[in-house]
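These notes are about the structure you will find just below.
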Amino acid sequence: MARTPSNMLALGTKAPDFTLKDLNSNQTLSFSDIRGDKGTVVVFMCNHCPFVIHMIEELVRVENDYHVQGIGFVGINSNDVENYPEDAPDNMTKFAAKYKMDFPYLYDETQEVAKAYDAACTPDIYLFDSRDQLVYRGQLDDSRPGNHIPLNGADLRIALDALLYNRKYPDPQKPSIGCNIKWKH
């Protein structure tokens, strides 16, 4: 299992726009459609990565806790589905249903969105403020498959609370670790 870290896009970067198909609603959505009034979490993820499978239930809990506070959430799958068919769109719908994801799960077939965000791994997490400026990028928490640290979403929760309650952001921000995005050749 590869252990690829986030590239750590520069803080203050404006959220790159996108228009992608949501496999949950079967609609085409843009960043402005999914953004929250107070902030937006963008997570590059996929169906088969053990790091994503390890953390998805906690990510859903975080979304449930913060969506009601004006935070938009979106998952984006940018993997090459020809070589990784378990990440194909029909399986994305099944994955979202299995884990009760009620946030959009978008398919980045061209991989242009992942490149615009400088995404490197799954999961790769970004938090943008109400002006769509990057305020946090990195890990959900210190838990990884096999390290026996309980999932709690601490790093992302601290960043979300900092955004909502004008607190200090995590410093340093730790990169996420996961499987590399499966780039097309």
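Overview of values
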{"read-out": "Segment 71-99, residues that are in contact with a Leu (Cβ under 8 Å, 6 or more places away or on another chain) and among the small types (Gly, Ala, Ser)", "value": "Gly75, Ala96"}
{"read-out": "Positions within segment 14-35 being surrounded by fewer than 17 Cβ atoms within 10 Å (Cβ to Cβ) and either closer than 18 Å to His67 by Cβ or touching a strand residue (DSSP E or B) at 6+ places or on another chain (Cβ under 7 Å) (or both), in sequence order", "value": "Lys14, Asp17, Thr19, Ser25, Gln27, Thr28, Ser30, Ser32, Asp33"}
{"read-out": "One residue from Val68, Val81, Val42 being within 16 Å of the chain's Cα centre (by Cα) and not charged (D, E, K, R)", "value": "Val42"}
{"read-out": "Phe73 over 21 Å from Gln133 (Cβ atoms), of a type in the set (Phe, Trp, Tyr) and either surrounded by 24 or more Cβ atoms within 10 Å (Cβ to Cβ) or at pLDDT 95 or above (or both)", "value": "no"}
{"read-out": "Any hit, segment 76-94, residues being among the aromatic types (Phe, Trp, Tyr), surrounded by 19 or more Cβ atoms within 10 Å (Cβ to Cβ) and either in contact (Cβ under 8 Å) with a residue 24 or more places away in the chain or outside any loop (DSSP other than H, G, I, E, B) (or both)", "value": "no"}
{"read-out": "Any chance Ala97 is in a helix (DSSP H, G or I) and among the small types (Gly, Ala, Ser)", "value": "yes"}
{"read-out": "Residue check for Asp102: touching a helix residue (DSSP H, G or I) at 6+ places or on another chain (Cβ under 9 Å), acidic (Asp, Glu) and either touching a residue at least 12 places away in the same chain (Cβ under 8 Å) or within 28 Å of Gly146 (Cα to Cα) (or both)", "value": "yes"}
{"read-out": "Residue in segment 48-62 that is assigned to a helix (DSSP H, G or I), in contact with a strand residue (DSSP E or B) (Cβ under 6 Å, 6 or more places away or on another chain) and over 12 Å from Leu23 (Cβ atoms) present", "value": "yes"}
{"read-out": "Filter result for Asn7 (free of Cβ contacts under 8 Å to residues at least 12 places away in the same chain and surrounded by fewer than 19 Cβ atoms within 10 Å (Cβ to Cβ))", "value": "no"}
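The values are calculated or read from the model by the stated rules, or taken from the named source; none is laboratory data. This one's a predicted model, so the numbers in the text were calculated from it and none came from an experiment. Don't worry about glycine lacking a Cβ; one is built from the backbone with ideal geometry, like all the others, and counts go over all protein chains shown.
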